[in-house]
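Down below is the structure, laid out as C-alpha cells.
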Amino acid sequence: MKILFFFVFSILAFTLFSSCKSQKAFGYVEDFTDTSGKVQVKYPEPLIQKSDVLSIVVYSDALDQGVTDAMYNLANSGSGTESTKGFLVDLDGYIQYPRIGKIKAEGLTKAQLSEEIRKKVMGTLQNPTVLVRLLNFKVTMLGEVARAGPITIPSEKITILEAIGLAGDVTIYGKKNDIVILRPTDSTVEHGTIDLSSKKLFESPYYFLHQNDVVLVNPNKNKARLSDQVFNQRLGLAFSVINMLALLYNIFRK
C-alpha cells in the first residue's frame with residue numbers, strides 16, 4: 001500500500017516539475033567591453049510642464065521701502081505637506097505669483113523661470129536670488145517589472161537604469177531590449193524605444209527620463225509560452241490525478 005502511494009505521488013511530482021525550464025538571466029549593456037573608456041552622457045535640462053508643482057523661493061541682500069522678500073514667499077509658509085505647497089502650472093502654462101501676477105512657466109527650464117522672476121522683483125528687492133524646484137517630478141513604471149507604479153524623484157534627475165532598479169528590475173518575462181517610453185509634450189505624446197543591452201544606451205534621448213515619462217516593459221515570448229505551459233501543466237495534472245484515482249479504484253475494488 002505505501003509503495004503504491006509513493007509511486008503515485010512520484011508520478012504527480014514528475015508531471016508538475018518536468019515542464020519547468022530555467023530562464024536565461026538578463027544582462028545590461030552586454031556588448032560594452034572596454035571598461036577603461038569613458039562615455040559622454042548629455043543631461044537634458046527638464047522643461048516645466050502643465051500641472052507641474054513648483055517651489056519658488058526669493059532671497060535678497062537688502063530691503064527697499066519696507067518690502068521684504070517674505071512677501072514673495074507666501075506660498076512656502078504656513079502648514080501643509082511639501083506636495084500641497086508651491087505653485088501649480090495651470091492648463092494654460094502659467095503660474096500666479098504674489099505681487100507679480102501671471103508668469104508663463106511652461107516650456108521654460110528652472111533657470112529660465114528663475115531669471116524671469118528675478119527681473120520682475122529687481123525693482124523692489126536689491127540683488128535678488130530666485131531658486132526654483134520641481135516638487136512633483138515623477139515617472140511611472142508599467143508592465144514586466146517587479147514593482148509597477150509611480151516613482152517620485154526628489155533629485156529631479158533619473159536614468160532609465162535607475163528607474164528600472166527602483167522598480168525592482170525587469171522580470172525574466174520582460175523585453176529588456178525593447179523598452180517603450182511615452183513622453184508627454186505640449187499637446188502630444190512622444191513615443192520611443194530603448195535597448196538596455198546595447199552599448200549605445202547612453203546615447204539615447206531616453207537614457208535620462210523626463211518628468212511624467214511612462215516606461216512600458218512589454219512581455220516577451222516566454223510570457224505567452226508560460227501561460228500555455230501553465231494551462232497544459234494543470235490540464236495534464238488533472239488527467240494524471242484522474243487516471244491514478246481510476247487505477248486505485250480498480251486495484252482496491254477487487
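Any read-out appearing in this document is the output of simple, stated calculations on the displayed coordinates, not a laboratory observation. If you're wondering where the values come from, they're calculated on a predicted model, not measured in any experiment. Methodologically, a virtual Cβ is constructed for each residue, glycine included, from the backbone with ideal geometry; neighbour enumeration extends over all protein chains shown.
What does the charge count near I103 come to, summing +1 for each Lys or Arg and -1 for each Asp or Glu among other residues with Cβ under 9 Å from its Cβ? Please report the intermediate quantities before stating the final value.
Details: positive: K102, K104, K120; negative: E116.
Here the count lands on +2.
In this model, which of K104/K176; K199/K221; K104/K157; K50/K221 are farther than 32 Å apart at the alpha-carbon?
Numbers: K104/K176 39 Å; K199/K221 24 Å; K104/K157 23 Å; K50/K221 38 Å.
Pairs exceeding 32 Å: K104/K176; K50/K221.
Going by amide H atoms built from the backbone, whose H comes under 5 Å of the H on S197, apart from near neighbours?
Hits under the 5 Å cutoff: V29.
Taking the mean number of other Cβ atoms within 10 Å as a proxy for protection, how do you rank 165-171, 205-211, 123-129 from highest to lowest?
Working: 165-171: 16.9, 205-211: 18.9, 123-129: 15.3.
The densest-packed peptide leads the list: 205-211, 165-171, 123-129.
Can you list residues whose amide H is under 5 Å from G174's amide H, if they're 5+ apart or on another chain and H is modeled 1.01 Å from N?
N220
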